[in-house]
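Asker: My questions all concern the structure below.
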Amino acid sequence: MASAHDIRKRFVEFFTARGHTHVPSSSLVPRNDPTLLFVNAGMNQFKDVFTGREQRPYTRAVTVQRCVRAGGKHNDLDNVGFTPRHHTLFEMLGNFSFGDYFKADAIRWGWEFLTGEVGLPADRLVVTVFDGTGEAADADDEAAEMWREFLPASRIYRCSAKDNFWAMGDTGPCGPCSEIHLFKGDVAPPDAGIAGRGPAFEDNAYVELWNLVFMQYEKHPDGTMSKLPKPSIDTGSGLERVAAAVEKVGSNYETDLLIPMVECARALAGSRRPLDRGEAPLRVIADHARATAFLVADGVFPDKGGRNYVLRRIMRRAIRHGTEIGLDRPFFHEVCAKVVENFSDVYPELAERAATIDEVVRGEEESFRRTLDRGLRRVQVAVGEHDRAAGTAFSPAVAADLYDTYGFPLDLTAVIVAEHGLSLDEAAAEKALKERQAAGEGNTNLGEERAVADLYFALHGELGDTTFVGYDSTEADAVVRALVVDGRAVDEAPDGAEVELVLDRTPMYGESGGQVGDTGTITAAGVTVEVTDTHKPRGAMHVHRGRLSGGTLRKGDAVHVAVDTARRDAIRRNHSATHLLHHALRKHLGDHVLQKGSLVTPDRLRFDFSHNRPITPEQRREIEATVAQMVLANAAADVRQQSMDEAKARRAIGLFEAKYGETVRVVQFGASIELCGGTHVGRTGDIGLLAIVSEASIAQGVRRIEAVTGMGALAHLQGLVELVDGTRTQLHAHTVEDVPVKIERLQHDLKAQQREVARLQQELATGGGGGASDITEVAGIKVQVRRVASPDAKALRAAADALRDKLGSGIVVLGAEADGKAMLLVAVTKDLEARVPAGKLIAVLAPHVDGKGGGRPELAQAGGPNVAGLDAALAAATGAIASLAG
Ligand code: SER
């Protein structure tokens, strides 16, 4: 019987043999399509080909497309794992015709593949066609007629647009469709004439295997439909379902597509798995691991918002199901590794990104487990405190508090309270959260700050944005449009005033996008403002701050503005270097690296990015080397204003979501392409050199690199060289290369000396002066009592062992002082354990040092603060032995 991997292969071969071009699956992240969260059908990548906006060198295509249907309104994540057929990710087999063949071939090939190629029983298949209701299109009698070649009329059902008219979304290509279903009931499918029964109504008896869409229309935003240039074909068949049908198993989870992950989860859980949980948690984990591995491979990173958040929810759901079956250590990355192992043949991007997948999944699981631990206890307390007499609605305010204080996600609170028979109105909780946060913010905005903000707000309303001319020049003539002194708008500013200036145009960059503001001078006849900062408090209105000298400055005065170019150059070097660094980080650590923040000053740059573990010395070397290569390539800056679509097509990186629809500034240096409004070097060679100064974690999953460029990099490296050379001199090493050798030798010598000291101490304790003179006999037992010098309890024990061995048969009692405390130790040879148990003896001696002691019959120890009582304790030993042995 064919395995699922076999079916996939045969599908592609079947259609390539019929003139189709095999087109690889596209990424799960839709390109240039803001209407879509994830790629959810094989036809997505051909949307513009159907409408005639894009030409391809082929008119027939076959694909196996990875699809995610999760997070949308119709895809309830809660079902996945609990039904035989729901998934977050699935593989869609599809054949496509772009104005080439139409219904007849699509129907024939669909039938032939299922009944001939993979051998499904023809008498168990039924089909549906469009009945002409629910959309402005005709009933598809033509398709019904064509099906008659393969099936009796009784197995051809007619359904409304709800089931048999397919559209990609509110807009885009669409058309009537025909579905092939497998009847799974006990008897043959019912004959025609049994009204109201059929695949559209009986979900459990029928499973839809294949949807053949006869694409003929395009829907427009205004709701109208126009005809496509040519009738086309889009078909889609879920591989998991076909495999379950061919393999004759009841659930997709029993096919070889999902078994490896289910079994992996089962093995990890082992015997800890409570039996009453059934298979569902294993299936949730298996399904979600598959979606997670594929999504991360396509560059989706678990995080807040949009598709990142959908991934986070999927991962967290799987991890929670893991904890329910006893998987209380990070396990999910291991299941994801199974996905990589099983699917890389077909989807090589999985193997290419295996390390990133491992990294991202581990990091998310570790952080989520911390959140869980903290929050879970609180949620349970809150559930316990819930007053059930008042109903089952869990308080949205408490849920908001759990989120705000413990970072416990609202959706998770909802799931947990549901398990206790309560419900949470998530929208109400969101609202409560917003109100809390707004209340918190309100407090910080009061008073003076608000007055200043109001002033800027008014000024911006009056003057609008400042024209920025600083990309092309560092000097400009301008006119004073506003003056602010002591937080108030004034018409003239006196000599010596701390002033804020708004001009009609300026070459000075206002702090934004992590780049600090410019400094420089603003001059008019005899008057100078030394500008110490430029910022943009509202919109793109530039406000220059500085001290006025040489006279009075008035609104309307003509001025000359000059940027401090040496400082600006240093800033430009550092800003361009962050772009190269960003590129190098993604190249060496993975595409999960996203910029989380940055600071670009003349002295150094700071770059915060998503990544879960420290950078190894080797990675650091590679990152610096990649940046150095880009610097040496001396690429010219290519800066363009482009539409968002053009920027995306160039695979530019940056904050796309925030600015969708606007024109964006795209800055390219060789392979680095970023959306950016900052000022940059003309060529990468201007950067000179980049040196990473430090690398550290600043928050969960976020790391910070600090680096220097140009002369700063040289100074940093020279500093390190001087440090090493100073060390060399201190160590009396001839060359720098000798330094590690010298250090190793010193460490070696130090260890040898420490060992020698320990040996001498033991010798002092056990042998030397005492000889046999301190051995006495009590009740026929040889007793050796001695005060020794031992540095710690371990050394004391070693000494006691040695003395006991020498004694053959007897009792050793030792006392020592260490770190200002008294230590006592009693060792008894085996033959005497019963007569004088060490533990009993030490209990008698310990009170002399104000301590307590205990231990086994052959060895017991005590410690106490009273060092002065040590000799008394030792003196009491013989008497105590006499009475115990008596
Ligand atoms: N686009 C159709 C579907 O997703 C057929 O591939 O069902």
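Asker: With a ≥ b ≥ c the root eigenvalues of the C-alpha gyration tensor of segment 1-157, is it rounded (a/c under 1.5), prolate (a/b larger than b/c) or oblate?
Answerer: Rounded is the answer for segment 1-157, as its axis ratio a/c remains below 1.5.
Asker: What number, in percent, do you get for the relative contact order of segment 216-336 if the mean sequence gap of Cα pairs under 8 Å and at least 6 apart is divided by its residue count?
Answerer: Computed value for segment 216-336: 21 percent relative contact order.
Asker: While we're on this one: How far apart, in nanometres, would the label points at Thr133 and Thr83 be if each is projected 7 angstrom from Cα along the Cα-to-Cβ direction?
Answerer: 2.4
Asker: For labels at Ala758 and Ala393 in the simple 7 Å Cα→Cβ model, what's the distance in nm?
Answerer: Each label point is offset 7 Å from its Cα along the Cβ direction, giving 6.9 nm.
Asker: Figure the gain on full extension for Val381 and Thr663 (residue separation times 0.36 nm, minus the Cα-Cα span) and round it to one decimal in nm.
Answerer: Gain on stretching Val381 to Thr663: 96.4 nm.
Asker: Run the simple label-point estimate for Arg18 and Ala633 please: 7 Å along Cα→C-beta, distance reported in nm.
Answerer: So the label points at Arg18 and Ala633 sit 4.5 nm apart.
Asker: With a/c under 1.5 counting as rounded, go ahead and sort the chain into rounded, prolate or oblate using the C-alpha gyration tensor (a ≥ b ≥ c being the square roots of the eigenvalues; past the cut-off, prolate if a/b is larger than b/c, else oblate).
Answerer: Oblate shape, in that a/c is at least 1.5 and b/c is the bigger or equal ratio.
Asker: How would segment 588-630 be classified by its alpha-carbon gyration tensor: rounded, prolate or oblate, with rounded meaning a/c under 1.5 and the a/b versus b/c comparison settling the rest?
Answerer: Verdict is oblate for segment 588-630.
Asker: Tell me what the chain gives for mean residue ellipticity at 222 nm when only DSSP H runs of n ≥ 4 count, each as -39,500 (n - 2.57), the sum divided by the residue total, rounded to 500 deg cm²/dmol.
Answerer: -12000 deg cm²/dmol
Asker: Can you tell me the dipole magnitude for the chain around its Cα centre, using point charges on the Cβ only (Lys, Arg +1; Asp, Glu -1), in Debye to the nearest 20?
Answerer: 2140
Asker: Sketch the reach of a paramagnetic label on Asp738 as a point 7 Å from Cα along Cα-to-Cβ, and name the residues of segment 710-728 whose backbone nitrogen lies under 20 Å away.
Answerer: 721-728
Asker: Using r as the Cβ-Cβ distance of Ala558 and Val490, and R0 as 30 Å, what FRET efficiency do you calculate, to the nearest 0.05?
Answerer: According to the calculation, E is roughly 0.95.
Asker: While we're looking at this one, here's another question. Could you work out the relative contact order of segment 308-438, using alpha carbon pairs under 8 angstrom and six or more residues apart, expressed as a whole percent?
Answerer: 18
Asker: With respect to the cross-link table entries Lys47/Lys230; Lys9/Lys338; Lys47/Lys184; Lys304/Lys434; Lys794/Lys840; Lys742/Lys794, which display a Cα-Cα separation exceeding 23 Å?
Answerer: Lys47/Lys184; Lys742/Lys794
Asker: Taking 0.36 nm per intervening residue step and subtracting the Cα-Cα distance, what contour gain separates Ala868 from Arg436 on full extension?
Answerer: Difference between extended and current length: 149.2 nm.
Asker: Residue by residue, what Karplus-based ³J(HN,Hα) values in Hz, rounded to whole numbers, does segment 91-100 have, using 6.51, -1.76 and 1.60 with θ = phi - 60° and x for Gly and Pro?
Answerer: 9, 10, 7, x, 10, 9, 10, 9, x, 9
Asker: For Glu530 and Ala351, FRET efficiency with R0 = 60 Å and r from the beta-carbon atoms, rounded to 0.05?
Answerer: In this case the efficiency is close to 0.55.
Asker: With contacts defined as alpha carbon pairs under 8 Å and 6 or more residues apart, what's the relative contact order of the chain in percent?
Answerer: 6
Asker: Can you compute 3J(HN,Hα) from phi for each residue in segment 171-185, using the Karplus curve 6.51 cos²θ - 1.76 cosθ + 1.60 with θ = phi - 60°, rounded to whole Hz and x for Gly and Pro?
Answerer: Whole-Hz 3J(HN,Hα) from phi for segment 171-185: 10, x, x, 7, x, x, 9, 9, 10, 9, 10, 9, 8, 10, x.
Asker: Mind checking the full-extension length gain between Asp819 and Asp123? Use 0.36 nm per residue of separation minus the Cα-Cα distance, one decimal, nm.
Answerer: Between Asp819 and Asp123, full extension yields an extra 241.5 nm.
All of the numbers you see were taken from the coordinates with simple rules; none came from a lab. Just so we're clear, the structure is a prediction, and the values are computed from it rather than from any experiment. Cβ atoms come from the backbone with ideal geometry, glycine included; neighbour counts cover every protein chain shown.
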